[in-house]
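First the structure, in the form of structure tokens, and then the observations on it.
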Amino acid sequence: MGEAMIVAGIGSRKGVSEQQVLDAISATLAEHKIEASQLDAIATAQLKQHEEAIFSAGRKLGLEVLIVGDAELAEAGKSTSSHSELSLTLTGAPSVSEAAALAAAGENARLLGPRHVLASVTCALAQSGDAS
């Protein structure tokens with residue numbers, strides 16, 4: 001069994017800045033006492049695939065940005081702890097950041113805590129259950 005994978009799921013309003021995304025990731029990592037170097041990837045919903053700030057934040061951190069499809073998002077959404085009506089309406093998942101993190105971290109992934117909301121960005125961390 002190898003290292004567990006940690007994924008930061010990102011949800012955001014349209015037009016957020018790279019700095020807002022980085023700040024949300026930093027705040028969430030700090031909350032869980034996790035170093036940025038321990039992060040394996042960033043994940044977001046298909047809906048956000050054109051949100052440049054998320055990708056530039058990923059590049060700045062040297063992390064791949066994984067796009068989670070709507071079906072996977074809705075499935076992972078069954079395990080989220082936060083609930084946003086808007087998110088549910090737009091994506092079928094009650095929390096984009098939590099569902100994206102869970103879906104990207106893989107089977108048996110668990111959230112490290114509820115999403116962190118900072119300005120117009122939400123960030124949630126999920127850890128894979130059994131990384132090999």
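For Ala30, state whether it is in a helix (DSSP H, G or I) and over 13 Å from the mean Cα position of the chain (by Cα). Judged against the criteria, Ala30 is a match. Filtering the stretch 51-74 to residues that are of a type outside the set (A, V, I, L, M, F, W, C) and either in contact with a His (Cβ under 9 Å, 6 or more places away or on another chain) or farther than 30 Å from Glu35 by Cβ (or both) leaves only Asp70. The residues of the stretch 41-95 that are within 13 Å of the chain's Cα centre (by Cα), aliphatic (A, V, I, L, M) and either modelled with pLDDT of 95 or more or part of a strand (DSSP E or B) (or both), listed by number, are Ala41, Ile42, Ala43, Ala45, Ile54, Ala57, Leu63, Val65, Leu66, Ile67, Val68.
Is it the case, given these coordinates, that Leu86 is surrounded by 15 or more Cβ atoms within 10 Å (Cβ to Cβ) and of a type outside the set (Gly, Ala, Ser)? No.
Would you check which residues across the stretch 41-51 are open to solvent by 10 Å² or more (accessible area, probe 1.4 Å) and in contact (Cβ under 8 Å) with a residue 12 or more places away in the chain and list them? Listed by number, the residues that qualify are Gln46, Leu47, Lys48, Gln49, Glu51. Within the stretch 1-22, being more than 14 Å from Phe55 (Cα to Cα) and open to solvent by 10 Å² or more (accessible area, probe 1.4 Å) holds for Met1, Gly2, Glu3, Ala4, Met5, Ile6, Arg13.
Within the set Ala105, Ala71, Ala124, Ala93, the sole residue that is crowded, with 23+ Cβ neighbours inside 10 Å, over 13 Å from Ala24 (Cβ atoms) and either in contact with a Leu (Cβ under 8 Å, 6 or more places away or on another chain) or without any contact (Cβ under 8 Å) to a residue 24 or more places away in the chain (or both) turns out to be Ala93. Could you tell me whether Ala124 is of a type outside the set (S, T, N, Q) and either modelled with pLDDT under 95 or out of contact with any Gly (no Cβ under 6 Å at 6 or more places or on another chain) (or both)? It is false that Ala124 is of a type outside the set (S, T, N, Q) and either modelled with pLDDT under 95 or out of contact with any Gly (no Cβ under 6 Å at 6 or more places or on another chain) (or both). Just to be sure before I move on: is Glu35 surrounded by fewer than 19 Cβ atoms within 10 Å (Cβ to Cβ) and either more than 15 Å from the chain's Cα centre (by Cα) or polar (S, T, N, Q) (or both) in the structure I sent? When the stated conditions are applied, Glu35 passes them. For first residues located in the stretch 6-27 and charged (D, E, K, R), partners that are open to solvent by 50 Å² or more (accessible area, probe 1.4 Å) and lie 6+ apart or on another chain with Cβ distances below 6 Å form the pairs Asp23/Leu118.
The values are calculated or read from the model by the stated rules, or taken from the named source; none is laboratory data. Since the model is a prediction, treat every value here as computed from it, not as a measurement. Heads up, the Cβs are rebuilt from the backbone with ideal geometry, glycines too, and the neighbour counts pull from every protein chain shown. Please note that ligands, DNA and RNA were not included when accessible areas were found on the heavy atoms of the full protein model with its side chains. Shrake-Rupley method; radii C 1.70, N 1.55, O 1.52, S 1.80 Å.
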